[in-house]
Amino acid sequence: MVAVSSPACMRAKKTKAVRIPVVDLSLDRSVVTEQIVKACEEYGIFKVINHGIPWEVTSRLEAEGVRFFGKPAGVKQRAGPATPFGYGLKNIGLNGDKGELEYLLLHTNPFSIAERSKSISNEPQNFTCAANDYIEAVKELASQVLNLVAEGLWIPDKHVFSRQIRDVQSDSVLRFNYYPAVNNRDPSSKACKEVQIGFGEHSDPQILTVLRSNDIAGLEICLHDGFWIPVPPDPTQFYVIIGDALRVLTNDRFVSVRHRALANSTRNSRMSMMYFGAPPLTGTISPLPQFVSPQKPRLYRPFTWGEYKKAAYSTRLGDCRLDLFRLR
Ligand code: GA4
């Protein structure tokens, strides 16, 4: 087992009122690029509005998710266990992490989607179609955002980041997280007394995540100073979350924000759908020359996405895996 430092955020319990940046993609390109870069540097997360993804594409996949999680336990288990792909219940990853949730983790390759959908839906073609359309739409959005990032950073090759997630061999994944509503009417119930962690704190390993949830709250991010702040749910919009790979590519100019999900809703269940945009397994992750100088020396050794993924699955959810690749 490799030694990794304990996450700073685990010590922080406080919260304060801060607004997550909102980027309107319909505004002037120079304004948008500047806003995105600032948000990536200061927060590692922002909300995109006027994103152009038709509501029908999102709602169709949401309906498939709701249908699946509404099935009896025994039926859902036919799509599991998650190793790591498939249906998971309370177990996260392969090293004993637990959470108050159910999930579906799917590789975005169309062949994998078609294969998996057989155990997810009674009408697999409908699930396959909804998932593929959604994946295409969020991949486009992620690529658009990554091109704006490159432009905002004055990188001559505007496709340097998006190329990685658009590659046919891309290792991108799609995830549904379902946090059942808790019953707090019983004063002796666990839910009544303590905060339930739906999905523990971590940073996403990939380049970037596009997250969409229903209108039930739960997601929180950790600020630089250790404060946790809630991310207000907005079913019509998307949140972009910076992952570890983009942090490395920018030599730590961007932060890969640590986040977690609480599962405390007594109103309704929370369901989120995440697209994690990743390079192919052989794709190299190394600080780009633009971000390395005598004043800002290279902070990481080059590694492949495959190596980083392996490190992710051999560590615990909350570990700071990037330390394993850090030079200083
Ligand atoms: C966090 C981000 C994505 O959900 C995920 C997760 C993955 C899993 O659930 O299988 C991991 C987690 C995530 C990071 C550390 C490892 C791997 C669980 C875990 C303990 C799909 C991913 O790529 O990394």
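The values are calculated or read from the model by the stated rules, or taken from the named source; none is laboratory data. Everything quoted here is computed from the prediction, not taken from an experiment. Please note: Cβ atoms are built from the backbone with ideal geometry, for glycine as well, and neighbour counts cover all protein chains shown.
Going by what's in this entry, would Ser256 be described as touching a strand residue (DSSP E or B) at 6+ places or on another chain (Cβ under 8 Å), at pLDDT below 95 and surrounded by 19 or more Cβ atoms within 10 Å (Cβ to Cβ)? Considered against the rule, which asks whether it is touching a strand residue (DSSP E or B) at 6+ places or on another chain (Cβ under 8 Å), at pLDDT below 95 and surrounded by 19 or more Cβ atoms within 10 Å (Cβ to Cβ), Ser256 comes out as no.
Here's the yes/no breakdown for (1) touching a Phe, Trp or Tyr at 6+ places or on another chain (Cβ under 6 Å); (2) closer than 16 Å to Leu174 by Cα:
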site: Ile53; (1), (2): no, no
site: Arg60; (1), (2): no, yes
site: Lys76; (1), (2): yes, no
site: Ala82; (1), (2): no, yes
site: Lys90; (1), (2): no, no
site: Phe111; (1), (2): no, yes
site: Ala131; (1), (2): no, yes
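When the range 306-328 is filtered for residues that are near the ligand (Cβ under 10 Å from one of its atoms) and either over 15 Å from Pro84 (Cβ atoms) or not polar (S, T, N, Q) (or both), the ones remaining, listed by number, are Tyr308, Lys309, Ala311, Ala312, Tyr313, Arg316, Leu317, Gly318, Asp319, Arg321.
For the range 274-310, a residue qualifies if it is crowded, with 20+ Cβ neighbours inside 10 Å and free of Cβ contacts under 8 Å to residues at least 40 places away in the same chain, and exactly one does: Pro287. When you go through (1) more than 14 Å from the ligand (Cβ to nearest atom); (2) closer than 30 Å to Glu194 by Cβ; (3) in contact with a strand residue (DSSP E or B) (Cβ under 9 Å, 6 or more places away or on another chain) one by one for Thr284, which number turns out not to apply? Looking at each condition in turn, Thr284 falls short on (2). Pairs linking a residue in the range 82-98 that is within 9 Å of the ligand (Cβ to nearest atom) to a residue that is outside any strand (DSSP E or B) and at pLDDT below 95, with Cβ atoms under 7 Å and 6 or more positions apart or on different chains, are Pro84/Leu94. Annotation: Ala217 fulfils all but one of (1) over 17 Å from Cys320 (Cα atoms); (2) in contact with a Cys (Cβ under 7 Å, 6 or more places away or on another chain); (3) not basic (Lys, Arg); the unmet one is (2).
The condition of being among the aromatic types (Phe, Trp, Tyr), more than 20 Å from Ile197 (Cβ to Cβ), surrounded by fewer than 21 Cβ atoms within 10 Å (Cβ to Cβ) and more than 10 Å from the ligand (Cβ to nearest atom) holds for Phe111. If you go through the range 289-314 and pick out every residue that is of a type outside the set (Lys, Arg) and over 27 Å from Thr108 (Cα atoms), you end up with 10. Restricted to strands (runs of 3 or more DSSP E) entirely inside the range 200-291, those with at least 1 residues that are hydroxyl-bearing (Ser, Thr, Tyr) and at negative phi are 208-213, 238-242, 270-277. The single condition among (1) without any contact (Cβ under 8 Å) to a residue 12 or more places away in the chain; (2) of a type outside the set (Lys, Arg); (3) within 22 Å of Ala130 (Cβ to Cβ); (4) within 16 Å of the ligand (Cβ to nearest atom) that Val75 does not meet is (4). Based on this model, can you work out whether Asn132 counts as surrounded by 15 or more Cβ atoms within 10 Å (Cβ to Cβ), away from the ligand (no atom under 16 Å from the Cβ) and within 16 Å of Met274 (Cα to Cα)? Taking the combined requirement at face value, the residue satisfies it. I'd like to check something: does the range 158-169 contain any residue that is in contact (Cβ under 8 Å) with a residue 24 or more places away in the chain, over 19 Å from Tyr275 (Cβ atoms) and more than 17 Å from the chain's Cα centre (by Cα)? There is at least one residue in the range 158-169 that is in contact (Cβ under 8 Å) with a residue 24 or more places away in the chain, over 19 Å from Tyr275 (Cβ atoms) and more than 17 Å from the chain's Cα centre (by Cα). Every condition in (1) within 16 Å of the ligand (Cβ to nearest atom); (2) within 22 Å of Ala261 (Cα to Cα); (3) of a type in the set (Val, Ile, Thr) is met by Val66 except one, and the failing one is (1).
If you scan the range 15-40, which residues turn out to be surrounded by fewer than 14 Cβ atoms within 10 Å (Cβ to Cβ) and among the acidic types (Asp, Glu)? The answer is Asp28, and nothing else. Based on this model, can you work out whether Phe161 counts as within 23 Å of Ala311 (Cα to Cα), touching a helix residue (DSSP H, G or I) at 6+ places or on another chain (Cβ under 9 Å), of a type in the set (Phe, Trp, Tyr) and more than 12 Å from the ligand (Cβ to nearest atom)? Judged against the criteria, Phe161 is a match.
Evaluate the following for Glu151: is it buried (at least 17 other Cβ atoms within 10 Å of the Cβ), away from the ligand (no atom under 16 Å from the Cβ) and charged (D, E, K, R)? It is true that Glu151 is buried (at least 17 other Cβ atoms within 10 Å of the Cβ), away from the ligand (no atom under 16 Å from the Cβ) and charged (D, E, K, R).
Can you confirm whether the range 229-237 contains a residue that is over 20 Å from Glu41 (Cβ atoms), of a type outside the set (A, V, I, L, M, F, W, C) and within 12 Å of the ligand (Cβ to nearest atom)? No: the range 229-237 contains no residue that is over 20 Å from Glu41 (Cβ atoms), of a type outside the set (A, V, I, L, M, F, W, C) and within 12 Å of the ligand (Cβ to nearest atom). Filtering the range 202-243 to residues that are closer than 21 Å to Ile135 by Cβ and small (Gly, Ala, Ser) leaves Ser213, Gly243.
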